[in-house]
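The block underneath contains the structure these notes are about, expressed in structure tokens.
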Amino acid sequence: MPMPALPLRFEGEPLTIDLHMHSTASDGALPPAEVVALCRARGLTHMALTDHDTMDGIVEAQAAARREGIRLVPGTELSTQWRGVNIHVVGLLPEGPRGDLVAGLVAQAEARERRALAIAERMEKVGLADALARAREQAGSPRPLGRPDFARALVAAGLVPDMGTAFAKHLGNGKPGDIKAHWPFLSAAVGWLLDAGGVAVLAHPLRHGLTRRKRGQLLDDFAAAGGQAAELVSGFQNADLTRDLARQLQDRGLYGSVGSDFHFPGGHLAPGSMGAVPRTATPPVWTHPRLAALVSLPASAA
Ligand code: AMP
Ligand code: MN
Ligand code: MN
Ligand code: MN
């Protein structure tokens, strides 16, 4: 008999699952196998690797997960646009990339390339000479570039004191380097994830800078597009806000997911580190029929 490893409801107990993490396949610092090993070392039993707009790290991560005896669900975090806002959607994809998602991921990689050229042009205007090459240097591999690579290049050139300032002044929400036009509409990206047999999870709903009302509209549109879940807890977040968000999910019949959004060791977040999930009627995303195999561990690993 497989041992049940995950609770069927959120009842306030600590969880051993993290469904949102990054590796060197996108803007994370650790190779996929090292992310998996770190998860195991921290006592997690279940994890998803969710690199930005790619699933290139999944093969390595899956092999490591088998070695380490941890259950891994293949994932990705898609960049999209909704009403002029850059919205992230995590895909949990037990069947891997297939269907419309295959072409979708190719389109995302191309969009990232074109966007990098546009960001580079704008960063040159604020004084970063040879911006594309400088960002590429920071990335240290041929993977698609992201805004953190430009942020690090701005710091390295002495134009800003740190990453936080780079985003606040040049790359964050509404700044010149925040370019959304290349991304697919939210509803299209959700469609790719559904077509691949996956579950679409609205990422960090409290971190998109929306009012409660606008967040409600986003959740309405997301659910109408077929999205099934949202992150109830992303990293450390205020418990009152979590309870309020749980109500917004319940009202729309959405499942709740949890994730650290881990990117690199040494920061305040590690795999599995996130705020407490309160007792709530919002069902955990791993009880969704498409993820049912996650709820128990194989006997060998239990
Ligand atoms: P991109 O996927 O290229 O649009 O870049 C977005 C990424 O930038 C996020 O996933 C974070 O990893 C990172 N990021 C966003 N805001 C900040 C910030 N204020 N400081 C450091 N990194 C940030
Ligand atoms: Mn990131
Ligand atoms: Mn995100
Ligand atoms: Mn993320």
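The values are calculated or read from the model by the stated rules, or taken from the named source; none is laboratory data. Owing to the predicted nature of the structure, the values given are computational and were not obtained by experimental measurement. Positions of Cβ are backbone-derived with ideal geometry, glycine not excepted, and every protein chain shown enters the neighbour counts. Only protein heavy atoms, including side chains, enter the accessible area calculation; ligands, DNA and RNA are left aside. Shrake-Rupley method; radii C 1.70, N 1.55, O 1.52, S 1.80 Å.
Using a probe of 1.4 angstrom and keeping all protein chains present, the accessible surface of the stretch 107-171 works out to 49 square angstrom per residue. Taking all protein chains together and a 1.4 Å probe, the residues W192, W286 rank W192, W286 from largest to smallest accessible area. Here each label is just a point 7 Å from Cα along the line to Cβ, and for D195 and A29 those points are 3.8 nm apart. The overall shape of the stretch 82-221 is oblate: from the C-alpha gyration tensor, with semi-axes ordered a ≥ b ≥ c, the ratio a/c is 1.5 or greater and a/b is no larger than b/c.
When peptides 238-246, 29-37 are sorted by average Cβ neighbour count within 10 Å, with the highest value leading, the order is 29-37, 238-246. Across the stretch 224-235, computed HN-Hα scalar couplings (Karplus, 6.51 cos²θ - 1.76 cosθ + 1.60, θ = phi - 60°) run 5, 6, x, x, 9, 8, 9, 6, 6, 10, 10, x Hz from first to last residue, x flagging Gly and Pro.
For the chain, the equivalent ellipsoid built from the Cα gyration tensor has semi-axes of 31, 22, 18 Å, listed from largest to smallest. Of K214, K169, K125, the residue with the largest accessible area leads and the full order is K125, K169, K214 (1.4 Å probe). Between F185 and Q81, the built amide H atoms are under 5 Å apart, and every one of these is 5 or more places off in sequence or on another chain.
With θ taken as phi - 60° and the Karplus curve 6.51 cos²θ - 1.76 cosθ + 1.60 applied, the whole-hertz 3J(HN,Hα) list for the stretch 181-195 is 4, 7, 8, x, 5, 3, 5, 5, 5, 4, x, 4, 5, 5, 5 Hz, x standing for glycine and proline. Binning the C-alpha pair distances of the stretch 159-299 at 5 Å intervals from 0 yields a P(r) profile of 2, 9, 15, 19, 20, 17, 11, 5, 2, 1, 0 %, listed from the shortest bin outward.
Charged side chains reduced to their Cβ positions (Lys and Arg at +1, Asp and Glu at -1) give the chain a dipole of some 540 debye around its Cα centre. Ordering G216, P148, V89 by Cα displacement along the dipole of the chain toward the positive end leaves G216 in first place; charges were set at the Cβ atoms of Lys, Arg (+1) and Asp, Glu (-1).
Extension gain, D240-A63: 0.36 nm per intervening residue step, less the Cα-Cα distance, totals 59.8 nm. Were the residues from M163 through V102 laid out at 0.36 nm apart, the gain over their Cα-Cα distance would be 18.7 nm. When peptides 255-262, 9-16, 142-149 are sorted by average Cβ neighbour count within 10 Å, with the highest value leading, the order is 255-262, 142-149, 9-16. Accessible area of M21 (1.4 Å probe, protein heavy atoms only, ligands and nucleic acids ignored): about 0 Å².
Taking all protein chains together and rolling a 1.4 Å probe, F264 ends up with roughly 110 Å² accessible. How many percent of all Cα-Cα pairs in the stretch 1-95 sit more than 24 Å apart? More than 24 Å apart: 25 percent of the Cα pairs in the stretch 1-95.
The listed residues H20, H52, H182, once ranked by accessible area (1.4 Å probe) with the largest placed first, stand as H182, H52, H20.
Using a simple spin-label model with points 7 Å from Cα along the Cα→Cβ vector, what separation in nm is obtained for D178 and A293? My value for the distance between the label points is 4.0 nm. The Cα trace of the stretch 142-185 gives Rg and Dmax of 11.1, 36 Å, the first to one decimal, the second as a whole number. Comparing A189, A166, S296 along the charge dipole axis of the chain, the residue lying farthest to the positive side is A166, per the Cβ-charge model. For the chain, the carbon plus sulfur part of the accessible surface works out to 55%, probe radius 1.4 Å.
With +1 on each Lys and Arg Cβ and -1 on each Asp and Glu Cβ, and nothing else charged, work out how big the dipole of the stretch 85-150 is about its Cα centre, in Debye to the nearest 20. Mind showing how you got there, number by number?
Working: 10 positive and 9 negative charges, 26 e Å.
Roughly 120 debye for the stretch 85-150.
When shorter helices are ignored and each DSSP H run of at least 4 residues is given -39500 (n - 2.57), the per-residue value for the chain at 222 nm works out to -11000 deg cm²/dmol. Where both bridge residues fall in the chain, DSSP classifies roughly 45% of the beta bridges as antiparallel.
How large is log10 I(q)/I(0) at q = 0.21, 0.25 Å⁻¹ when the Debye formula is applied to the Cα atoms of the stretch 107-171, each weighted equally and without solvent? So the normalised log intensities are -0.76, -1.05.
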